[in-house]
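The values are calculated or read from the model by the stated rules, or taken from the named source; none is laboratory data. Small disclaimer: the values here were computed from a predicted structure and weren't measured. All Cβ positions, even for glycine, are placed from backbone atoms using ideal geometry, and neighbour counts span all protein chains on display.
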Amino acid sequence: MTILGVSLALQSCDEVFPPYEEPANVLAGTMQINSPDTVDMIHDPIAGYFSNSVLSIDISVKNTYDKLLQGDAEVGENVVLQSFGASPKIIVIPLTLGNLLSPPAFMGSIALPPASEAKFSAPFIPLGSDNLPVYIGSPYISRDTTKLYGPIEFIATADIRLFERVQPITISNYRFSLYFREYTLK
């Protein structure tokens, strides 16, 4: 009788379980610009251009899954801003674990409960890949030692990865516009 019981127990262990599949489409994101309406820029003819305003793209990634998502943090990818001034430019902002405001990462891992959000802030300077401001070549209004440009239109797209084993998400077609006030040093 004992042999029969052990034999039945061993046979039941041979049952094949379906392979584990990672949950899909469990993250949703939004982004917004965090900036003054008019961005102050300083032009030093010797040293180049500097921003006197703080600009950032703020991103929220929500867990839409009904379970806790946790694991090794693999924050990465980037935010791409396309400006549509007289001379269109692209700004690429790398997204890293250092841009994550919440939840906190603990020993390289993060946890995101259902319906909660991971929040990022990605600061940037409005210079294109050629190190020139996005407004260069656009019409402006001149006042004393300043020039006022704009509005300059932007479209932002963000590719975001939070976890090693959860697919990245893309947030696209976020539109905004900014004015730029340039001060030239003499």
Practice problem: Could you grab me the full set of residues in the range 154-186 that are of a type outside the set (A, V, I, L, M, F, W, C), exposed (fewer than 15 other Cβ atoms within 10 Å of the Cβ) and under 15 Å from residue 90 (Cβ atoms)? | Solution: 172
Quiz item: Within the group 53, 7, 60, which residue is surrounded by fewer than 13 Cβ atoms within 10 Å (Cβ to Cβ) and either of a type outside the set (A, V, I, L, M, F, W, C) or modelled with pLDDT of 95 or more (or both)?
Solution: 7
Self-check item: Segments classed as strands (runs of 3 or more DSSP E), wholly inside the range 53-147, with at least 1 members that are within 28 Å of residue 36 (Cα to Cα)
Solution: 56-63, 69-83, 89-94, 100-102, 117-123, 140-143
Quiz item: Could you say whether any residue in the range 81-93 is in contact (Cβ under 8 Å) with a residue 60 or more places away in the chain, within 20 Å of residue 31 (Cα to Cα), among the polar types (S, T, N, Q) and surrounded by 13 or more Cβ atoms within 10 Å (Cβ to Cβ)?
Solution: yes
